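Let me begin by presenting the structure, written as structure tokens, before commenting on it.
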Amino acid sequence: MHGELSLIHVNTPTELRIVQRQQKQTVQSATADLLATACLLEKALDGNLDDETHALINAAYFQVNQVQTTFDKLVAQIDNIQLEDKSRE
């Protein structure tokens, strides 16, 4: 999914747990890709680089860490999703 918005209808606690698990698996997959990127950036820093290239790689590594922080927040949001109790309406 690239820039698409999807609407997921969840009616039961079981469906909610399934959706949460799927969302977390997606985040975990992206986190694995992010970790691989961080490893490549670390390896690149071991090379003989000019100052500008070194600074760019450091900036990219910082961005990787920022994305990881965002993923952590997203997982917390997924954990906090709750079903509304419509029986009171």
(request) Please report, in debye to the nearest 20, how large the charge dipole of the chain is about its Cα centre when each Lys and Arg carries +1 at its beta carbon and each Asp and Glu carries -1 there. (result) 500
(request) Find which of Thr12, Gln25, Ala60 sits farthest along the positive direction of the dipole of the chain, computed with +1 on the beta-carbon of Lys and Arg, -1 on that of Asp and Glu, about the Cα centre. (result) Thr12
(request) Can you tell me the 0 to 90 degree angle between the C-alpha axis of helix 51-80 and the longest principal axis of the chain, rounded to 10? (result) 10
(message) What is the angle, in °, between the Cα long axis of helix 13-45 and the longest principal axis of the Cα atoms in the chain? Nearest 10 is fine, range 0 to 90.
(response) 0
(request) Could you size up the charge dipole of segment 31-80 around its Cα centre, putting +1 on the beta carbon of Lys and Arg and -1 on that of Asp and Glu, and report it in debye to the nearest 20? (result) 200
(message) Under a crude label model (7 Å from the Cα following the beta-carbon direction), how far is Gln25 from Glu52 in nanometres?
(response) 4.6
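A short reminder: the numbers here are calculations on the coordinates, not readings from a lab. Keep in mind that what you see is a predicted model, and the values were worked out from it rather than measured. Cβ atoms come from the backbone with ideal geometry, glycine included; neighbour counts cover every protein chain shown.
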